Amino acid sequence: MRPPEKRRLGEPRLPGGGLYAQRMNSERVRELLARERQRIVHGLGRLEPQESDEPTTTDQHMAAQAPDLYDNELDEGLSDDLRVELEAVERAEQRLAAGTYGLSIESGEPIPDERLEAVPTAERTVEEQARFVQRGSEGS
């Protein structure tokens, strides 16, 4: 199997050489990625540690500390997830700059605009993503 040819944004073609439907313009992509970045940064800001008025002493009973510990662990997990999403936005911005945004990183096939509207950071087609997730879960 030969490696996929690299196509640039604005040069959409199907594997057989035919024209692909008009691709999303770069301004729309920037708008979607900026909105996604703003959502993530806002979420991260909400998860920053909050100052508490309650005294914290080593004499506190462990059961009294449990809700705070749970909340802190949950927030840490959410922060980790948001950081991963932020990295995906950065990769999408790099692909946009390189002219490969909207093309699968796996096959080079065009990712439908409908998918990119729903998931601006999509790196694969729906079918490829399903196989990628399946392979990941098989290794667990």
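Amide H contacts of LEU103 (H built 1.01 Å from N, in plane; Pro and chain starts excluded): ILE111 sit under 5 Å, all sequence-distant by 5 or more or on other chains. Residues ILE40, ILE105, ranked from the fewest to the most other C-beta atoms within 10 Å, line up as ILE105, ILE40. Each residue of region 108-125 was assigned a 3J(HN,Hα) from its phi angle through the Karplus curve 6.51 cos²θ - 1.76 cosθ + 1.60 (θ = phi - 60°); the sequence is x, 6, x, 8, x, 4, 4, 5, 5, 5, 6, 9, x, 9, 3, 10, 9, 5 Hz, with glycine and proline shown as x.
The residues packed around GLU87, meaning those with a beta-carbon under 14 Å from its beta-carbon, carry a net charge of -3 if Lys and Arg are +1 and Asp and Glu are -1. Estimated from the Cβ-Cβ distance and a Förster radius of 30 angstrom, the FRET efficiency linking SER107 and ARG46 is about 0.20.
Quick note: the coordinates plus some simple rules give every number you see, no bench work behind them. From a predicted model like this one, the values you see are computed outputs, not experimental measurements. Neighbour counts are summed over all protein chains in view; Cβ atoms, including those assigned to glycine, are modelled from backbone coordinates with ideal geometry.
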